[in-house]
Amino acid sequence: MTSELAVRPIGRVVGGRIEAVDDRWDSVTARIELDPDVLGPDAADGLADFSHIEVIFCFDRVDPADICRGARHPRGRADWPSVGILAQRAKDRPNRLGVTVCRVTGVGSYWIDVVGLDTIDGTPVLDVKPYLGEFGPRGEVRQPTWSNELMAEYW
């Protein structure tokens with residue numbers, strides 16, 4: 001059985017940054033305004049009991065001509081190795097999907113206030129999930145040195 005893939009934003013980011021700047025996202029505050037045509041007024045009930053949420057969003061302003069389907073140097077830095085787009089968290093990926101864990105600072109019927117969401121004003125939000133520690137990594141986490149360097153100033 002095959003079903004058609006249909007994804008519709010459940011809301012949009014309001015506030016925060018107006019430009020995609022790569023670093024220092026941890027102090028950025030924003031609101032996710034939920035769409036009442038998609039969700040009911042009780043869809044976020046209980047969410048305020050969680051300290052963090054995972055937000056799945058669309059990098060909607062990436063030019064399709066800039067999509068990377070292979071390998072490249074992260075952030076264009078030749079001193080870092082060329083790696084495939086699936087080994088990066090770059091915005092210009094084939095489906096332009098992003099996911100971030102951010103802090104929840106407030107919840108209402110049709111809004112969620114957050115800190116540390118690395119999106120820009122107007123970004124479509126595809127889904128929100130409560131962050132459960134049990135879904136975090138199990139066992140040792142391994143990553144290459146270049147990625148530690150890339151993330152040094154990100155938050």
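Within segment 56-76, how many residues turn out to be without any contact (Cβ under 8 Å) to a residue 40 or more places away in the chain and among the charged types (D, E, K, R)? Walk me through how you get there before you give the answer.
So in segment 56-76, the residues without any contact (Cβ under 8 Å) to a residue 40 or more places away in the chain come out as 62-73, 76.
With among the charged types (D, E, K, R) added as a condition, the list becomes 63, 66, 69, 72.
Residues flagged as without any contact (Cβ under 8 Å) to a residue 40 or more places away in the chain and among the charged types (D, E, K, R) within segment 56-76 amount to 4.
Scanning segment 63-100 for residues being within 15 Å of residue 126 (Cβ to Cβ) and hydrophobic (A, V, I, L, M, F, W, C) gives a total of 2. Just one of the numbered conditions (1) over 16 Å from residue 115 (Cα atoms); (2) of a type outside the set (S, T, N, Q); (3) touching a residue at least 60 places away in the same chain (Cβ under 8 Å) is not true of residue 32: (1).
Tell me the residue from 10, 53, 32 that is within 15 Å of the chain's Cα centre (by Cα), more than 30 Å from residue 148 (Cα to Cα) and surrounded by 15 or more Cβ atoms within 10 Å (Cβ to Cβ), please.
On the way: 53 fails: more than 30 Å from residue 148 (Cα to Cα); 32 fails: more than 30 Å from residue 148 (Cα to Cα).
10 is the lone residue from the list that is within 15 Å of the chain's Cα centre (by Cα), more than 30 Å from residue 148 (Cα to Cα) and surrounded by 15 or more Cβ atoms within 10 Å (Cβ to Cβ).
If you go through segment 78-115 and keep only what is under 10 Å from the mean Cα position of the chain (by Cα) and in contact (Cβ under 8 Å) with a residue 24 or more places away in the chain, you end up with 91, 97, 98, 99, 100, 101, 102.
Consider segment 130-155 and keep the residues that are of a type in the set (A, V, I, L, M) and either loosely packed, with under 14 Cβ neighbours inside 10 Å or in contact with a Cys (Cβ under 9 Å, 6 or more places away or on another chain) (or both). The one that is farthest from residue 75 (Cα to Cα) is 132.
Which of the residues spanning segment 116-129 are surrounded by fewer than 16 Cβ atoms within 10 Å (Cβ to Cβ) and either in contact with a His (Cβ under 8 Å, 6 or more places away or on another chain) or closer than 17 Å to residue 25 by Cα (or both)?
Just the residues of segment 116-129 that are surrounded by fewer than 16 Cβ atoms within 10 Å (Cβ to Cβ), to begin with: 121-122, 127, 129.
Residues satisfying the conditions are 121, 122.
Checked against (1) assigned to a loop (DSSP other than H, G, I, E, B); (2) under 17 Å from residue 15 (Cα atoms); (3) in contact with a helix residue (DSSP H, G or I) (Cβ under 7 Å, 6 or more places away or on another chain), residue 112 meets all criteria but (1).
Rule-based calculations on the coordinates, nothing more; no lab input. Owing to the predicted nature of the structure, the values given are computational and were not obtained by experimental measurement. Here Cβ is always computed from backbone atoms with ideal geometry, including for glycine, and neighbour counts include all displayed protein chains.
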